[in-house]
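Participant: The structure's right below; bear with me while I get my questions together.
The values are calculated or read from the model by the stated rules, or taken from the named source; none is laboratory data. Everything numeric here is computed off the predicted structure, so don't read it as measured data. We place every Cβ from the backbone using ideal geometry, glycine too, and count neighbours over all the protein chains shown. Surface accessibility is based on the protein's heavy atoms, side chains included, excluding ligands, DNA and RNA. Shrake-Rupley method; radii C 1.70, N 1.55, O 1.52, S 1.80 Å.
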Amino acid sequence: AVVEAAASITDSAAAQLVLVDPPGFLSGSIMNAIDHLHIFADIPYWQSIIAVTVVTRIFLLPIALKTVQASARMALMKPHMERVKDAMMNDPNKSDPRTAARYQNEYKAMFLKYKVNPIRSIIWPLAQFPIFIGFFWALKDMGLHYPELATGGALWFSNLTIADASYVLPIFNSLSFLAMIELGSDGLPQNKQGEFLT
């Protein structure tokens, strides 16, 4: 009976281990960074998570600034681009190859004037995407690999393995992200013609 009980406990533990998939490379690396900082700096998990997030944000700051600048330049160029587009649509000679080439040259000149590169405008946000997804999965699944997270929080979020029922942290995160976008475009220096000086 004792052997059977021990076997059933072992089988149950093995079944639980099978249910926990190993983390991916990026999310696993983030988990390890948080855990190593927690151990070596002797700080709670919630402080370790904040520290790793801040360090990552600092490293991503140049990319984030490029993203905001590209969006702001695109927004500044949009009214002028719409005027050229309307002029082309109302031009009776728009089907003429020379007329079409002239409008294409106007578009190219506009992109150069406002320093807008459509490909880069897409690349900058996409460059950050894998890291943010890695953080999402790391923090979502970390409790499965590090049970100590259940007591690694503080204040109303003492258990880091469950969602914030008050929604204070998600709302704060959303507002800070929105503020970064809004303040980023306003902070770009412009000349009297409204062109960016950067």
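Participant: Looking at the range 77-88, is at least one residue open to solvent by 60 Å² or more (accessible area, probe 1.4 Å), in contact with a helix residue (DSSP H, G or I) (Cβ under 6 Å, 6 or more places away or on another chain) and acidic (D, E)?
Facilitator: no
Participant: In this structure, is V116 surrounded by 14 or more Cβ atoms within 10 Å (Cβ to Cβ), touching a Lys or Arg at 6+ places or on another chain (Cβ under 9 Å), of a type in the set (V, I, T) and farther than 27 Å from L160 by Cα?
Facilitator: Judged against the criteria, V116 is a match.
Participant: For the condition within 30 Å of Y146 (Cβ to Cβ) and part of a helix (DSSP H, G or I), what is the one hit in R83, R73, R57, R102?
Facilitator: Values: R83 fails: within 30 Å of Y146 (Cβ to Cβ); R73 fails: within 30 Å of Y146 (Cβ to Cβ); R102 fails: within 30 Å of Y146 (Cβ to Cβ).
It is R57.
Participant: Moving on to the next point. Given (1) more than 24 Å from the chain's Cα centre (by Cα); (2) open to solvent by 60 Å² or more (accessible area, probe 1.4 Å); (3) charged (D, E, K, R), where does D91 come up short, assuming only one miss?
Facilitator: If we test D91 against (1) more than 24 Å from the chain's Cα centre (by Cα); (2) open to solvent by 60 Å² or more (accessible area, probe 1.4 Å); (3) charged (D, E, K, R), just (2) comes out false.
Participant: Got at least one residue in the range 99-112 being open to solvent by 60 Å² or more (accessible area, probe 1.4 Å) and in contact with a Ser or Thr (Cβ under 6 Å, 6 or more places away or on another chain)? If you could, list the steps in order and put the result at the bottom.
Facilitator: At the first step, the residues of the range 99-112 found to be open to solvent by 60 Å² or more (accessible area, probe 1.4 Å) are 102, 104-106, 108, 112.
So of that shortlist, the ones also in contact with a Ser or Thr (Cβ under 6 Å, 6 or more places away or on another chain) come out as none.
No, because not a single residue in the range 99-112 is open to solvent by 60 Å² or more (accessible area, probe 1.4 Å) and in contact with a Ser or Thr (Cβ under 6 Å, 6 or more places away or on another chain).
Participant: A further question on this structure: Pick from I133, I171: which is β-branched (V, I, T), exposed (fewer than 12 other Cβ atoms within 10 Å of the Cβ), part of a helix (DSSP H, G or I) and at pLDDT 70 or above? Full working, then the answer.
Facilitator: Working: I133 fails: exposed (fewer than 12 other Cβ atoms within 10 Å of the Cβ).
Criteria check complete, one pass: I171.
Participant: Only residues that are crowded, with 19+ Cβ neighbours inside 10 Å and among the β-branched types (V, I, T): list them for the range 22-54, please.
Facilitator: I30, I34, I49, V52
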